[in-house]
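See below for the structure under consideration.
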Amino acid sequence: MRPLTLRRLLLQCLILVAILIFVVVVAMKFGAVPVSLYAFGRDLLRYLFGQTSQISSDYGLILWNIRLPRILLAIIVGASLSVAGTSFQALLRNPLADPYVLGVSSGASVGAILALIAAPYLALPPVLSGLLTPLGAFLGAAATIAAVYFLGRREGVIDSNTLLLAGVITASFLYAIIMFLMSTVTSGNTRGMAFWLMGNLSTSYQKSVFWFLGIGFFIAAGAIYTTATDLNLLLAGEKEAMHLGVDVPRVRLVVYIAASFLTGLAVSVSGSIAYVGLIVPHVMRLIFGSDHRTLLPTTALGGAIAVVFADTLARTVVAPTELAVGAVTAIVGAPLFIYLLRRGAS
Amino acid sequence: MSSGPAFARNASDTVRSSADARLSVEQVSYAYSANPSQAPLFTLEATSFQAKPGEVVAILGPNASGKSTLLKLITGALAPLSGRILLNGFVTHSLTPRTRAQRIAVVQQESVLLFPSRVWEFVLQGRHAHGRSLRFESDDDLLIAKNALAQVRAADLSDRSMDQISGGEKQRVILARALAQQPLLLLLDEPTLHLDIAAQVDLLHTLRRLAAENRYTVVVVTHELNLAAEYADQVVLMQRGRCLRVGPPSSIYQRELLEQVFQTPLTVELGPSGRPRVTVLSDRQ
């Protein structure tokens, strides 16, 4: 017996935090304009000691105003999508559940686009209209996962294959709606089609958006984390979990709302980045096991690492132009999905 | 174990139907229908029986006789249409899932795992209802899980993976998880279904021993007439949603009654242990 202790959990997280810091440094260094590690370290020290006036202005601009916000965005988006993926996998008892595969990301996109279209007509104060997009994305995500859940049931039980088919069909239906909205509505800033379909981290946001994202992430992920041991039991089936003392309807509701919220959060600022919620939980499960007390924090950190890394590739591989970050994650994620599907079938 | 003062409080709620009964099923009925406006597809007519600590009760009957429905009612997962089920004086259906899991352990036919865990992790799941929602297992939990594994003679399986042990071993581990819940009432739904004969006998023998040692009340739903006769103190005989008779095996195991219930010719004789033994006759004889 080797039960989980707080010390081991913290140690595992610490290792991942170290890797994340390393990846962030790499991401700061590489880009269309190369920054030497020496210059970066020097500027970082100056920044820490408050000697900001000595930092050369274009380096400062590139590092602090362009790359760092983008990296922060990648961290929050990666963590949100991975925690959402882990939660959907436990909730639907399907290792292939992922916000993108199930069409939840597309649902969030539709919600966000509708919110962007509606915003100019509502004449809300700027603070509220900024929240309208994530709210729309959340509602879109929640409606989609509910629809997929009911479509994926056969005789009252969730069937793995039916669920995946329902997700794929729902996603293609929602793509059509996205295309329809994008080609008919010209008003306002609805961003590009590629943004919603493939995902992109290049949009710049105000500081307040980052605060909202960060706080939103911690509240939703924290709510899911309070059900970590319940999710462990839920993997064995709802009836069995109930017999072991899990308040199944309550846990289902908390996780359903929080995971939809996390998906909406990520999609409203970065579009649909594919397969992150599938790859990261799977890799973390292989390394750290399937106990959600470990899995949830490690997938959050792993997701942050994965998306920062993928975005650095997206920025640099074909520089000075950019790939969509979703293209990078899909190149890794789609084969993995096929592998998992084949393995599950045998 | 976990019984004792916690159940003595609230004396006003406590109803003594029988002085020393732990489980008391009182005139319980149930109706299942797919659509409320239609006639029910299945009904369970008023059923009553009582069981003391340390007693093994077998619920017997052919398919669709209402055995599993009765078991679900006892777990508290279903609410009876009329009547009530009391465990130490508390109505099982109105307990919260957490409290219920501290007092009632259910062993299902099969446990399907999405991501196979280690045996010890699986057994520790039984401690879930005794801890707060988010916490790490205490030394007590580990000790209880270890003891539970030892009680079903599966201590050596502790570090194996759940998908690498045999069907009989798996059934013992599932039983160990139920023991880790430290329940008052142990419910088993056809636990012998996928087991070979040696494992079946072993399981029921273990149940008998545990009931005596830990003072559990054990309720088993089963098809195995002879195993029930050998190991049960009381038998509840069911047919088409009706409880036909409740009593010790010697009073239930009568040729005409069993032939009528199971719709097959059979003979009943006294086995070497002094308990009845059923031989099913094929039609040609």
The protein assembly as shown, dipole about Cα centre (Lys/Arg Cβ +1, Asp/Glu Cβ -1), debye to the nearest 20 = 880 debye
key: Computed helical MRE - 222 nm, chain A, DSSP H runs ≥ 4 contributing -39500 (n - 2.57), nearest 500   = -24500 deg cm²/dmol
query = Can you tell me the Rg and Dmax of the stretch B:5-280, counting just the alpha carbons, in angstroms?
reply = 19.1, 57
inquiry  = Viscosity 0.692 mPa s, temperature 37 °C: give me the Stokes-Einstein translational D for the stretch A:44-154 in µm²/s, with Rh taken as the Kirkwood radius over C-alpha pairs.
reply    = 194 µm²/s
key: Net dipole in debye of the stretch B:5-280 [+1 Lys, Arg Cβ; -1 Asp, Glu Cβ; about Cα centre; nearest 20]   = 660 debye
message = To make sure I understand, if each residue's beta carbon is the centre and we count other beta carbons within 10 Å, what order do A:GLU240, B:GLU256, B:GLU190 fall in, fewest to most?
response = B:GLU256, B:GLU190, A:GLU240
ask   = Per residue Cα convex hull volume for chain A, in cubic angstrom?
value = 157 Å³
key: Cβ-based exposure ranking for B:VAL236, B:VAL123, in which fewest neighbours within 10 Å come first   = B:VAL236, B:VAL123
request  = Using just the alpha carbons, could you tell me how many Å³ per residue the convex hull of the protein assembly as shown encloses?
outcome  = 209 Å³
message = Can you list residues from other chains, or at least 5 along the same chain, whose modelled amide H is less than 5 Å from the amide H of B:VAL219?
response = B:VAL57, B:LEU186, B:LEU187, B:LEU188
ask   = Picking from A:GLY277, A:GLY50, A:GLY167, which is most flexible by a Gaussian network model of chain A using Cα springs under 10 Å?
value = A:GLY50
message = Pick from A:VAL317, A:VAL24, A:VAL104 the residue whose mean-square fluctuation is largest in a GNM of chain A, springs joining Cα atoms under 10 Å.
response = A:VAL317
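Rule-based calculations on the coordinates, nothing more; no lab input. As the structure is a prediction and not an experimental result, all values here were calculated from the model. As a convention, Cβ positions derive from the backbone with ideal geometry for all residues, glycine included, and neighbour counts pool all protein chains shown.
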